[in-house]
1. Calculate the translational D of the protein assembly as shown in whole µm² s⁻¹ from Stokes-Einstein, where the hydrodynamic radius comes from the Kirkwood formula applied to all Cα pairs, the temperature is 37 °C and the viscosity 0.692 mPa s.
2. So what's the back-of-envelope 222 nm ellipticity for the protein assembly as shown, counting only DSSP H runs of four-plus at -39500 (n - 2.57) apiece and dividing by all residues, rounded to 500?
3. Given the C-alpha atoms of the range B:3-102, compute the convex hull and give its volume per residue in Å³.
4. Provide A:Trp20, B:Trp83 ordered by accessible surface of protein heavy atoms (probe 1.4 Å), highest first.
5. Compute the signed sum of charges (Lys and Arg +1, Asp and Glu -1) over the other residues within less than 9 Å, Cβ to Cβ, of A:Thr10.
6. Given all pairs of different Cα atoms, what value in angstroms does the Kirkwood hydrodynamic radius of the range A:3-137 take?
7. In percent, how large is the relative contact order of chain B, given Cα pairs closer than 8 Å and 6 or more residues apart?
8. Taking each residue of B:55-64 in turn, how many C-beta atoms of other protein chains fall within 10 Å of its C-beta, and what is the average?
Amino acid sequence: MNTTEFHYTTYLKSTPEKVWAAITTPEFASKYWGNANFSDWQAGSRWEHRTPTGTTVCTGLVRESVPPKRLVLSWVTPADFADESKHSRVTFAIDDIQGMVRLSVTHDQLEAGSDMATSISGGWPRVLSSLKSYLETGVALDTWAGQERSCHGK
Amino acid sequence: MTTDDLVFKALADASRRLILDRLRDEGGLALGQLCEGHDMSRQAVSKHLAILEDANLVVSVRRGREKLHHLNPVPIHDIALRWIGRFQADHLAALHHLKKILEGDQP
């Protein structure tokens, strides 16, 4: 399989603990992401990305979980969950750098040219911009309004 | 300089915008690959990349001995959202689409 990958980085005036909570706490994520992530966040556990009405639009397995530093997830549509060859990988790296938090999101092991690869390239920048705004100003960006979304931000 | 200043400064150069175009089309390029097809010297490209990395517009990843470069559009997105609200975004997308059609490019 020909694969592609995306790297996104943002600097936040926040703490690693808050950024970790923003990703893993449903009440928190729904504020800026719209959807929320559900799991016990233990390595090997399943995680689910659910819309406000409770539909799981994306899922996968927790590969690594080192709060508040590093979270590695496999990432797949619910229909393809059983087929591990369809899982892509998302790595959240949270680093404290001179009083700022650097959040790096790497989405790799993506099939080149797939719907997932095309659409996540629009989705992640929006999620990260909204997270930055929410953590720094308390106001999320309502960039999702009026859009029917799947797990990859389309 | 603020982060925004770094981004605007980095974008205010046609060669650097070309490098970003190149990385949008194909992520994960090494310095040598980025030099191909340009009139710029290796040293010039290297200098431009450093400015783009300082502005967080380019993220580099080490793969063995190679340093691979990827476009990071998040700072541009932050700037766009600062002035463009969600209602405007739909209108602007429509205008952009129209412009592309009128100018004969594929939308």
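1. Values: Rh = 19.5 Å.
The diffusion coefficient I find is 169 µm²/s.
2. -12500 deg cm²/dmol
3. 120
4. Heavy-atom accessible area, descending, gives B:Trp83, A:Trp20.
5. Working: positive: A:Arg102, A:Lys132; negative: B:Asp78.
Local charge sum for A:Thr10: +1.
6. Hydrodynamic radius (Kirkwood, Cα only) of the range A:3-137 equals 15.0 Å.
7. RCO, chain B: 25 percent.
8. 2
The values are calculated or read from the model by the stated rules, or taken from the named source; none is laboratory data. Worth saying up front: this structure is predicted, and the values here are computed from it rather than measured. FYI the Cβ positions are ideal-geometry reconstructions off the backbone, even for glycines, and counts take in every protein chain you see. Side chains included, ligands, DNA and RNA excluded: accessible areas come from the protein's heavy atoms. Shrake-Rupley method; radii C 1.70, N 1.55, O 1.52, S 1.80 Å.
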